[in-house]
Every structure is written in C-alpha cells, then in structure tokens.
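The values are calculated or read from the model by the stated rules, or taken from the named source; none is laboratory data. Because the structure is a prediction, the values reported are computed rather than measured. Neighbour counts are summed over all protein chains in view; Cβ atoms, including those assigned to glycine, are modelled from backbone coordinates with ideal geometry. Side chains included, ligands, DNA and RNA excluded: accessible areas come from the protein's heavy atoms. Shrake-Rupley method; radii C 1.70, N 1.55, O 1.52, S 1.80 Å.
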Amino acid sequence: QAQLVESGGGLVQPGGSLRLSCAGSGSIFSMMTIAWSRQAPGAQREWVASIFSGGSRNYADSVKGRFSISRDNAKKTVYLQMNSLKPEDTAIYYCHRPGVPGSWGQGTPVTVSS
C-alpha cells in the first residue's frame, strides 16, 4: 500500500502563503485520487481538497479561491498551495487516499498567527 508523507507546514502570518507536499510511493501513484484534509485543535477533521488521476480538482468552500491542489506524477507528489492564509486555517494538514483505510500520513502542522 502506498505510503504518504506530508511536509511543508510551519508558522506564517495572516495573509501569507505556504506550500505543502505529499510524497507518495508505488507504481500506481498516478492513478490515485489524493485528498488533503485538516484538523484544527478541538475540532473534527475537515476535508480541504481532492485531485483525481485525470487532474480534475475539488475544493471545500472555505478554501476555494485561496488554495490550489496539484500533482507531479513523475515525482509522485501532490501539492497544496495555500495563499491568503487566515488564522482559522491553523490545523494539522493530512494527505490521504479517500476511502482507503490506513492511507493517512502523519500530518504537517500549519499555524497562522501574527
């Protein structure tokens, strides 16, 4: 089963940007749907964005127009470009394969604060 490893989180000021990476493995990475979700302190996990094997994308309303998901199949990596960050974007961000148990990575923390 493909392992997913997130990176790129950190501390950023409101209005700033970060790019998260999700590195995968396996020969069928290009055929996988990959999603980003997040979990803020004391809150339930929230789906953020998905990218399908053909490149189509979906976004949660809360991030539409600010976040962009993309993939580089040659590098077996999915990215989440986050712009115009807000304090409410503070969370641990996870990449995963929707509907595949055990596919969640360890997460990467994002803190938006001045």
(request) Could you list, in sequence order, all residues of the stretch 9-40 that are buried (at least 16 other Cβ atoms within 10 Å of the Cβ) and closer than 15 Å to Pro109 by Cα? (result) Gly9, Val12, Leu18, Leu20, Ser21, Cys22, Trp36, Ser37, Arg38
(request) Mind listing whichever residues of the stretch 93-114 are on the phi < 0 side of the Ramachandran plot and without any contact (Cβ under 8 Å) to a residue 60 or more places away in the chain? (result) Pro101
(request) Hey, can you tell me all the residues within the stretch 43-70 that are in contact with a Phe, Trp or Tyr (Cβ under 7 Å, 6 or more places away or on another chain) and either in a strand (DSSP E or B) or basic (Lys, Arg) (or both)? (result) Val48, Ala49, Tyr59, Phe67, Ile69, Ser70
(message) Can you pull out every residue in the stretch 92-114 that is in a strand (DSSP E or B), open to solvent by less than 20 Å² (accessible area, probe 1.4 Å) and either among the acidic types (Asp, Glu) or within 15 Å of Ala35 (Cβ to Cβ) (or both)?
(response) Tyr93, Cys95, His96, Thr108
(message) Condition first: more than 24 Å from Ser114 (Cα to Cα), more than 16 Å from the chain's Cα centre (by Cα) and open to solvent by 60 Å² or more (accessible area, probe 1.4 Å). Can you find one or more residues in the stretch 48-68 that meet it?
(response) yes
